[in-house]
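Let me begin by presenting the structure, written as structure tokens, before commenting on it.
Read-outs: derived from the displayed coordinates by stated rules, not from any lab. Model, not experiment: these values are computed from the prediction. As a convention, Cβ positions derive from the backbone with ideal geometry for all residues, glycine included, and neighbour counts pool all protein chains shown.
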Amino acid sequence: KNAKIAVGVFYKPPKIPYACLEKVFDSLLHIHTKYEHTIFLGDFNINMLEKESLEVKALNNFIIEPFDLTQLIKEPTRITQHSRTLIDLILV
């Protein structure tokens with residue numbers, strides 16, 4: 001079957017506030033309505049392991065839930081001597 005698939009790459013610099021996700025929502029809405037499937041991946045610099053953080057809640061509210069996306073990566077993607085974070089995401 002031929003399906004229209006949109007693949008988007010995202011990078012949010014660490015110092016850019018998570019409020020920018022509201023603007024991303026508008027762009028995604030335009031793309032999402034034209035394609036049957038959406039794959040959105042990149043370095044979001046939002047630690048998905050901190051499930052109660054405002055950043056994670058914003059990502060869920062503006063990107064993941066409205067477009068019925070699933071975050072595929074479950075393990076930390078950035079590991080240092082002092083921290084383990086899950087900031088690189090694949091949303092389908």
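Taking first residues from the stretch 33-45 that are loosely packed, with under 15 Cβ neighbours inside 10 Å and partners that are among the charged types (D, E, K, R), the Cβ contacts under 9 Å between residues at least 6 apart in sequence or on separate chains come to LYS34/LYS4; TYR35/LYS4; GLU36/LYS4; HIS37/LYS4.
Against the numbered list (1) surrounded by 13 or more Cβ atoms within 10 Å (Cβ to Cβ); (2) hydrophobic (A, V, I, L, M, F, W, C); (3) in a loop (DSSP other than H, G, I, E, B), PHE62 comes up short only at (3).
Taking the condition surrounded by 12 or more Cβ atoms within 10 Å (Cβ to Cβ), part of a strand (DSSP E or B) and of a type outside the set (Ser, Thr, Tyr), does LEU89 pass? Considered against the rule, which asks whether it is surrounded by 12 or more Cβ atoms within 10 Å (Cβ to Cβ), part of a strand (DSSP E or B) and of a type outside the set (Ser, Thr, Tyr), LEU89 comes out as yes.
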